[in-house]
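The values are calculated or read from the model by the stated rules, or taken from the named source; none is laboratory data. It should be emphasised that the depicted structure is a prediction, and the values quoted were computed from it without experimental measurement. Reconstructed Cβ throughout: ideal geometry from the backbone, glycine too, with neighbour counts over all protein chains shown. The protein model used for the area step is the full one, side chains on, heavy atoms only, and it has no ligands, DNA or RNA in it. Shrake-Rupley method; radii C 1.70, N 1.55, O 1.52, S 1.80 Å.
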Amino acid sequence: QSNLISEFLINYNSNFISNNNTIFLNLRLSNVISCPHTYKNFNWNLVVNDFCKQAIYTGEIKVQNHNVQRDFISVNYLSKIIKYLINQYNISNTINISSGSSITINKLSKIIKKICKENYNINPNIILLNKRNKPDKKLSIGSKFLNVKKLNFTNDIEFEINKILNFLTLHKINLSKR
């Protein structure tokens, strides 16, 4: 509901905008991948975090809806876009931020498996739980007012995934010392 309120204020309430002499940007974010700072206060239910945690702690990645497609962006990519917007945007607006392309959840699990094998000598077994899952139509997400492809920013989700896996590996080692 707060998203709707901010969009209304920014996009449709010219009195609010003109009285503030400030540029307001309402950012609609795609799925952002970011490494936690602490284990306890992090949302481990998000798909990337959950798959990484499963891979490190159980040696498996259980994939529920393997054909579902999502657009993922790294927090580093997001920070570059925000910096660009701060320096370039001169009108208040709502902006969708995405990479502009999507991958299936199954492909995501394979990326995590590859990083586990290459960097941590772990070979998690991918288990597809819902094999009758029909493929999604090709998901095409474009930023409403921002052509991110023209900016040539690198969206390195593998780098962020590796940081999460490293964090979990260190956390697991610390738990075993207790």
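Remarks
- Exclusive hit being surrounded by 14 or more Cβ atoms within 10 Å (Cβ to Cβ) and at pLDDT below 95, set LEU170, LEU128: LEU128
- Matching residues, the range 104-125, being open to solvent by 50 Å² or more (accessible area, probe 1.4 Å) and polar (S, T, N, Q): ASN119, ASN121, ASN123, ASN125
- Counting only helices (runs of 4 or more DSSP H) wholly contained in the range 1-113, the ones carrying 3 or more residues that are closer than 30 Å to ASN174 by Cβ, aliphatic (A, V, I, L, M) and modelled with pLDDT of 85 or more occupy 47-58.
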